[in-house]
Structure formats: C-alpha cells, structure tokens
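A.B. asks: What follows is a structure written as structure tokens; I'll ask about it next.
What follows draws every value from the coordinates through simple rules; no lab data is involved. In this text, all values refer to a predicted model and were calculated from it rather than measured experimentally. Here Cβ is always computed from backbone atoms with ideal geometry, including for glycine, and neighbour counts include all displayed protein chains.
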Amino acid sequence: MNANNLFRAAFGVAALIAVVGTGQAMGSAPNPLTVTQADAGKSVTLSVGERLNVHLSAQFGTGYSWAAASDSTPLLKFESSSAQGSAGLPGGAQIQELVFAATGAGTGTLKLEYRQPWVKDTPPSRTFSIAVTVRQ
C-alpha cells in the first residue's frame, strides 16, 4: 500500500472540527473558516452544520499525516482530507487540508496528531489543538 492510500485510510475514522460561520444567503452553504498552525491553542465558534477547514503542513512521502486524536471532540465530524502543494517533488512539503462539520451543540477541543497511522505505540511527532464552541 503506498503512502497516499495509507494517508486516505487514516482519515476514514477521524472526527474533527467545524467552522466559524459568516453570514449566509438563504439556502446557501456557509463559508467555511480556515485555520492553520498559527491558530493552535485559539478558540473558534460555529453553528451546527458549519464547516471548518484545517490547513497544516505535512510531508506525505514519509508516511506521516494528520488525523484526529482518540480524545478529540465528538462535536465535529470529519468530512474529507486532501493534499495541496508540491506534489511533483518526492518527499516535498505539502499542506494537508482537513474538512470538518459541526454536528452538535456544546464545547470541546479538536485534537489532531501527526503520525504514521500504522505505528501505534509511539507518541505523535506533532500535535495541533483548538477549542471549539458549537451553537444550535
């Protein structure tokens, strides 16, 4: 199995963050909020159904990718993950975009871990967390 397939498989069970919404036209989807590593430790507020895009640096050629920690908030449902950036450079740095939707009201913490998904008994190489408040 190549690194790209491992990367995709690692996110099948992830549950993650949602968006701080901006105004929306009737019947249209809200604009997602995008957070990056610079937002680590901060807070976001969103409404049920809103989305959050998380952009974090990754190096997929090493087998590492971002995924939700087992104790990450259940208020956010993982929707998709994709790679952006220097795909033409083997082992080059890329940006991993993770998309989450808010599914229930409450407060919690989105916790992401950067690791090789098949390595279970070692701590993650890096972590990212952000406090989340979801309104009805």
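A.B. asks: Can you give the net charge of the other residues whose Cβ lies under 12 Å from the Cβ of residue 99, counting K and R as +1 and D and E as -1?
C.D. replies: Here the charged neighbours net out to -1.
A.B. asks: Using DSSP to call loops (not H, G, I, E or B), can you name the trypsin sites (Lys or Arg not before Pro) in segment 29-136 whose Cβ has at most 16 other Cβ atoms within 10 angstrom? If you can, show how the numbers build up before the last one.
C.D. replies: Details: sites: 42, 51, 77, 111, 115, 120, 126, 135; in loops: 42, 120.
Qualifying residues, ordered by number: 42, 120.
A.B. asks: Here's a follow-up. So what J values fall out for segment 69-85 if you push phi through Karplus, 6.51 cos²θ - 1.76 cosθ + 1.60 with θ = phi - 60°, rounded to Hz, Gly and Pro as x?
C.D. replies: Whole-Hz 3J(HN,Hα) from phi for segment 69-85: 6, 4, 9, 6, 4, x, 6, 10, 9, 5, 10, 6, 9, 8, 9, 10, x.
A.B. asks: Can you give the FRET efficiency for residue 36 and residue 62, using 1/(1 + (r/R0)^6), R0 = 30 Å, r = Cβ-Cβ distance, to the nearest 0.05?
C.D. replies: The calculated FRET efficiency here is 0.90.
A.B. asks: Could I ask something else about it? Can you list residues whose amide H is under 5 Å from residue 109's amide H, if they're 5+ apart or on another chain and H is modeled 1.01 Å from N?
C.D. replies: 73, 132
A.B. asks: Each residue of segment 31-48 in turn: what ³J(HN,Hα) in whole Hz from Karplus with 6.51, -1.76, 1.60 and θ = phi - 60°, glycine and Pro shown as x?
C.D. replies: For segment 31-48, the Karplus curve yields 6, x, 8, 10, 10, 10, 3, 4, 8, 3, x, 8, 10, 10, 10, 9, 10, 3 Hz.
A.B. asks: Sticking with this one: Label points 7 Å out from Cα along the Cβ direction at residue 121 and residue 79: separation in nm?
C.D. replies: The modelled label-to-label distance comes out at 3.9 nm.
A.B. asks: Separate question: Do any chymotrypsin sites (Phe, Trp or Tyr not before Pro) in segment 48-124 lie in a loop, going by DSSP, with at most 15 other beta-carbon atoms within 10 Å of their beta carbon, and if so which?
C.D. replies: Those satisfying the criteria are 118.
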